[in-house]
Amino acid sequence: MNLDFSVLNGYIPYILKGITITLLFTLVSALFGFIWGTILSLFKISHIRPLRWFANVYTSIFRGTPLLLQLVLIYYATPQLFQYDISPLMAAGLAFGLNSAAYLSETIRGGIQSVDKGQREAAMSLGIPYKTMMVSIILPQAVKNILPALVNECISLLKESSLVSVIGVEDLMRRANVVGSDTFKYFEPLVFVGAVYYVLVLILTFVTQILERRMRRSD
């Protein structure tokens, strides 16, 4: 089969440097997506019609168009429309965060609505402000209920981060392609990077299982 993994000698440290970029990008995108997704979910359950309309249209657009299209649009259109030379990493974080928020908004909305309505009524009867009620009472319970879905979204972001290589971000996938160009062998570096992605997902899953156990004990 003409396979020779010895071609990776000397390239492994270069490839592994992409882990930092991949994890940083995933963390920023997940955090931004969670915050913006939470705001959108509050818009969706709001009694203010324009906010509900905006959140629903936003979700429809970002869930109805390919993520790759959103990524290249933000990267190539931003300099043309706003005369701002956006960096590849910033464009990638923005695109993935905006896209993730559209999906998370539905997940978080479901989590909020799964919390017993009696708790909201009790908080309102005690005169607790809406903002305080949401931040201190409702959202913590909602996050606990939807934790598995949140983890799945983080795993998806981690794997889909390979798309950022198309705009030049030096993540794991980009570095594997560079090694392939240098050695004229693509299978070996791609298999190695695939194994790295798999290990990262296993670590993330393991950490989440520990977190879930601790949250169950705190109930």
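Any read-out appearing in this document is the output of simple, stated calculations on the displayed coordinates, not a laboratory observation. Please read these numbers as outputs of a predicted model, since none were measured by experiment. Using ideal geometry, Cβ is built from the backbone for each residue, glycine included, and neighbour counts are taken over all protein chains shown.
What does the extension gain come out to for LEU27 and TYR14, with contour length at 0.36 nm per residue minus their alpha carbon separation?
Details: separation 13, 0.36 × 13 = 4.68 nm, distance 2.14 nm.
Extra length from LEU27 to TYR14 when fully extended: 2.5 nm.
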Size of electric dipole in the chain: Cβ of Lys, Arg +1 and of Asp, Glu -1, about Cα centre, debye, nearest 20: 800
In order through segment 47-57: 3J(HN,Hα) via Karplus (6.51 cos²θ - 1.76 cosθ + 1.60), integer Hz, x for Gly, Pro: 8, 8, 4, x, 5, 4, 5, 4, 5, 5, 5
Relative exposure of GLU212, GLU121, judged by other C-beta atoms within 10 Å (fewest first): GLU121, GLU212
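Apply the Kirkwood formula to segment 9-217: the hydrodynamic radius equals the inverse of the mean of 1/r over all pairs of different alpha-carbon atoms; give it in Å with one decimal. Before the final figure, lay out the partial values.
Values: mean 1/r = 0.0525 Å⁻¹.
Result for segment 9-217, one decimal place: 19.0 Å.
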Residue-averaged 222 nm ellipticity for the chain, from DSSP H runs of 4+ at -39500 (n - 2.57), nearest 500: -25000 deg cm²/dmol
Among SER114, SER165, SER41: highest mean-square fluctuation, GNM of the chain, C-alpha pairs under 10 Å: SER114
Principal-axis tilt of helix 187-217 within the chain, Cα atoms, nearest 10 degrees: 20
Pairs of Lys in the chain closer than 23 Å at Cα, counting only those 8 or more apart or on different chains: 9
Segment LEU211-LEU73, extension gain: residue separation times 0.36 nm, minus the distance between their alpha carbons: 46.0 nm
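Rg/Rh for segment 1-43 to two decimals, with Rh computed the Kirkwood way over all alpha-carbon pairs.
Details: Rg = 18.6 Å, Rh = 13.4 Å.
Rg divided by Rh gives 1.39.
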